[in-house]
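Each remark here refers to the structure printed beneath this line.
FYI, it's all coordinate maths here, none of it is from the lab. Since the model is a prediction, treat every value here as computed from it, not as a measurement. All Cβ positions, even for glycine, are placed from backbone atoms using ideal geometry, and neighbour counts span all protein chains on display.
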Amino acid sequence: MSEQKTHPMIKPALEFGPILAFFVAYLWLKDEVFTIGGQDYDGFIVVTAGFIPVFLLAMGALWWLTGHLSKMQVVTAVLIVVFGGMSVWFNDPRFFKMKPTIIYLLFGGVLGFGLMQGKSYMQSLMDGVMPLSDEGWLILTKRICFFFLGLAVLNELVWRTMSEETWVYFKTFGLTAAIFLFFMTQGALFRQYGTEDDEGEE
């Protein structure tokens, strides 16, 4: 299905809306304990259980409206279902907290594997949305590879050494801000290796 044009705010709203909903719900229910089927579940587990279908509905709406989901979005959705589901099933929040680590290790590892073969998998993972030369893609891929691996280590340090509430703040705002700042600092690379003038209509 070809990608369809939608209002520019639709995509970020559907991508970040579930994350913000998780954050708000957590602040609301974090001190609550729910007894379901004779089993006690704290607020984090209940919010995680609600987050999974909300995220899937948002991704389904995004696909329906745009006709497109990136490979990163699909893999992220699968990992959310797997690790979120494990946290709910085993009543253990550690699985869901490990999910960002697994995501960043997975993507960092895939990019690193490609780099060892002298290839950049970034264009495939990001669907070629950024016009860069081959050399530019390799440089950006190397930087993102190390960046993802660093985020994986950071996530492990935060959830293992700090409070649950601190991790929720870190997951909601810290990781998002880190990714935004990373790409903001790549302006020189885009200027030096960009091929925008060659893309014409792009």
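Segment 58-119 has equivalent-ellipsoid semi-axes of 24, 21, 6 Å, by the square roots of 5 times the alpha carbon gyration tensor eigenvalues, sorted largest first.
Sorted largest first, the principal axis extents computed over the alpha-carbon atoms of segment 93-193 equal 44, 26, 19 Å.
With all pairs of different C-alpha atoms in the average, the Kirkwood value for the hydrodynamic radius of the chain is 18.6 Å. So for segment 36-94, averaging the separation of alpha carbon pairs under 8 Å that are six or more residues apart and normalising by length, what relative contact order in percent results? The value is 50 percent. Comparing Gln192, Gln39, Gln73 in a Gaussian network model of the chain where C-alpha atoms under 10 Å apart are linked, the largest mean-square fluctuation is found at Gln39. Computed extension gain for Gln192 through Met116, at 0.36 nm per residue and net of the alpha carbon distance, reaches 25.0 nm.
So what does log10 I(q)/I(0) come out to for segment 6-70 at q = 0.12, 0.13, 0.25 Å⁻¹, using the Debye formula with one equal point on every Cα and no solvent? Here the Debye-derived log intensity ratios amount to -0.39, -0.44, -0.98. In this structure, the amide hydrogen of Phe34, modeled 1.01 Å from its nitrogen in the peptide plane, lies closer than 5 angstrom to those of Tyr41, Asp42, counting only residues at least 5 positions away or on a different chain.
A simple spin-label model places pseudo-atoms 7 Å from Cα toward Cβ; at Phe173 and Leu57 they are separated by 2.7 nm. For the chain, the membrane-span-like helix rule (DSSP H, alpha carbon extent of at least 24 Å along the helix axis, mean Kyte-Doolittle at least -1.0) picks out 10-29, 43-66, 71-89, 94-116, 134-161; this says nothing about an actual membrane. Quick check: the distance between the Cα centres of segment 92-165 and segment 55-78, to the nearest angstrom? Result: 19 Å between the Cα centres.
The trypsin sites (Lys or Arg not before Pro) of segment 1-102 meeting both criteria, a DSSP state outside H, G, I, E and B (loop) and at most 10 other C-beta atoms within 10 angstrom of the site's C-beta, are Lys5.
Relative contact order, whole percent, for segment 93-193 stands at 34, derived from Cα pairs under 8 Å and 6 or more residues apart.
Approximating the spin labels as points 7 Å out from Cα along Cα→Cβ, the Thr161-to-Val33 distance works out to 3.0 nm.
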